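These notes are about the structure you will find just below.
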Amino acid sequence: MTTDDQPPLPDVLAGPLLRRSSPERLVLWLVGSRELPLELILIPSDESEERRLLLNESCCRCLPVGRHAVVHLIDVTLVTPLPQDVRIDYDLVIRDAPANARSITEWAPHLGYEDTRCAAAGHRGSRDGAGLPGFVIASRIRQLLHGSCRKPHHPGGDGLVRADEWLGERWNEADERPAWLLMTGDQIYADDVAGPMLAAIHALIARLGLVDETLEGAEVKNSEDLYASSKGYYAREALLPDVYATEALRERFFGGVRKPIFTTANAHNHLITFAEMLAMYLLAWSPVPWRLITPAVPALEASNREQYDQEASVIESFVAGLPSVARLMANVPTLMIFDDHDVTDDWNLTAAWEETAYGHDFSRRIIGNALLAYLLCQGWGNDPDRMATPVDDLANLLAKAETPGDGQDASPGVSTEIPASASVGWLEAASQDAVIARLLRFEGWEVIVPGTPKLLMLDTRTRRWRSEVRRHRPSGLMDWEALCDLQQELLDEPSVLIVSPAPMFGVKLIEAVQKLFALAGKPLLVDAENWMAHRGAASVMLNIFRHSRTPGNYVILSGDVHYSFAYDIEVRHRQRGPQLWQITSSGLKNTFPDTLLDWFDRLNRWLYAPYSPLNRLTKRRALRIRPRDPDRAKAGERLWNGAGIGLVRLDDQGRPQEVRQLDARGFDVRFPPRDER
């Protein structure tokens, strides 16, 4: 399928996303349909002159990922620092010729908040009567937005849309702007994809000519065969090789095993290729790609067609909110860290899981493709310097992609015959596997942002404390060396913000249930991933909090669990010991089964009240944990079940002054301290 007879593509397909930002450096990410000649114009509200920066190859790196898809990372070092705590509008101008310059208000008018006062007055922050996007660089973190778990086909609202509405009401108030939007895991669901979303992914791959690849160890030989396969929708688990050695992989990685305690891991439409992962990001973050495609409904059995139609209505609602999502991410500095669904459910849960998944060519390729896409779409913008080596590795792989002619084999040494394609080329199989192998060994995914307070986003997936004796037991979320590195970053800081995708301090009853399943050798059935599941990791983490040179105030932000809560935590039997706050916001577009959560909440209140003797049996018995009740609780609930996004305001000592959940249904939920109730 070619795209030559299609209408011209827009210059920008997704973005810009405002990523890591400081007075001296500004990072933006976007995807164009070609390599774009760009000029960045910065308009601080307290300066009389605009700052104009032509973006040459030294500050705008471009990686082509298809015939009509080029990822741009704009990374500008500023000689004169930007002002802090004031609004800075910006324009991103496409300059094909001196007389042909198009403002962001022309090619992405949905990214600016309407500012009729500025437009009517001809304000410098408007172009042709439309508002420009803008941001504030905070001198210290006074407030932030945070959330995780955004599944497009989950029925209900989108927390990012709610955050956009909230920000739109405060657009002109610099002191009300969040310092960061922290996306704390599961920004996409690579392992749980709706049929209509997968159809859109395939339509976009064809429209943009995204890269192709060969697939070793699979029933299908390459990406084109995969997209055309009769098992490509709602049956992808059947594409695994039918050999005894991969039985565990089928059951645990692709099998959609029912998890009666929490949810169903639906792997029937699991994304596989690098191109599928890339297309998912574009469709999850931007409304533009949806305007370019008309996905065809695949041939389906009656039961699957009914599911497809139900999912289609939810996806339609999701797409309607994407202009708001794109606007939010263009106007607030954003940092991201992965959790399992960005790659696959239960990613690196146990040592046995790792042996099975990485021991097979096909599953290792799938995991690697997801991590490559995360690197390109999320990790790169977190810290371009830290990601430089793996990005160079990926760039070299993409540069070697070739479009084969008739009868040409794009993969030397591989007997698979590669068909001609409309993509930019075929990734050379051996090189792709080598890049993935190096990426799987990469240590540097965590995010460290100096400031007041210091911000640390933890990698709780790739540096795990594995059980070498009982390999089916859950691994610790961070190994001893990673935890030592964490402690070094904390030394002598007065306060700190820690992003741990899974809560460090969760619901004790749920953790007890997970422990029972883990002891029975079934941790995969209940997602037994919590800090207390591994004795060594839990002990080291708790000792860090008790260390005399680590911070006096810790705020821990988490997601993962599909409900929201807040705890005040103190170290027992210590004067002037550290204060901790566990604040969990989950999910952006996901929730927990209502009835089940009600029972867990009620039983947990009965069994693990602050003064319950059962607390003495837990690993965190040296801590006093006091839950905060949401102000909209009807019967004493401590867990809030509703899609939305968290808002935290901090005082000058880095302590939470206010904790809210901006519910996607349009109201706020406060978690006040007990002495304020």
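Quick notes
- 356, 80, reordered so the largest accessible area comes first (probe 1.4 Å): 80, 356
- Ranking 297, 332 by solvent-accessible area of protein heavy atoms (1.4 Å probe, all protein chains present), from largest to smallest, gives 297, 332.
- Tail beyond 33 Å, pair distance distribution of the chain (Cα, percent): 46
- Using the average count of surrounding beta-carbon atoms within 10 Å as a protection proxy, the listed peptides 392-401, 15-24 rank, highest first, as 15-24, 392-401.
- Label point distance in nm, residue 674-residue 99, each placed 7 Å from Cα along Cα→Cβ: 7.4
- Nearest-0.05 FRET efficiency for residue 434 and residue 228, computed from C-beta distance (R0 30 Å): 0.60
- Per atom type, the chain shows carbon and sulfur on 49% of its accessible surface, probed at 1.4 Å.
- Only helical runs count toward this figure. For the chain, summing -39,500 (n - 2.57) over DSSP H runs of n ≥ 4 and dividing by all residues gives -8000 deg cm²/dmol at 222 nm.
- Inter-site label distance for residue 79 and residue 609 at 7 Å from Cα along Cβ, in nm: 6.8
- When the pairs 151/634; 454/634; 589/634 are compared against a 25 Å limit on Cα-Cα distance, 151/634; 454/634 fall above it.
- The residue list 388, 204, 505 was ranked by how far each Cα lies along the charge dipole of the chain toward its positive end, using unit charges on Cβ atoms, and 505 comes out on top.
- Accessible area in square angstrom per residue, the chain, 1.4 angstrom probe: 38
- Backbone phi angles across the stretch 83-88, fed through the Karplus curve with coefficients 6.51, -1.76 and 1.60 (θ = phi - 60°), yield HN-Hα couplings of x, 9, 6, 10, 6, 10 Hz in residue order; Gly and Pro are listed as x.
- Descending semi-axes in whole angstrom, ellipsoid equivalent of the stretch 561-677, from the Cα gyration tensor: 24, 19, 11
- Taking the Cα centre of the chain as reference, the dipole from Cβ charges on Lys and Arg (+1) and Asp and Glu (-1) amounts to some 3100 debye.
The values are calculated or read from the model by the stated rules, or taken from the named source; none is laboratory data. Please read all numbers here as calculations on a predicted model, not as lab measurements. Quick reminder, even Gly has a Cβ in these numbers, built from the backbone with ideal geometry, and neighbours come from all protein chains shown. The area values use the complete protein model at the heavy-atom level, side chains included, leaving out ligands, DNA and RNA. Shrake-Rupley method; radii C 1.70, N 1.55, O 1.52, S 1.80 Å.
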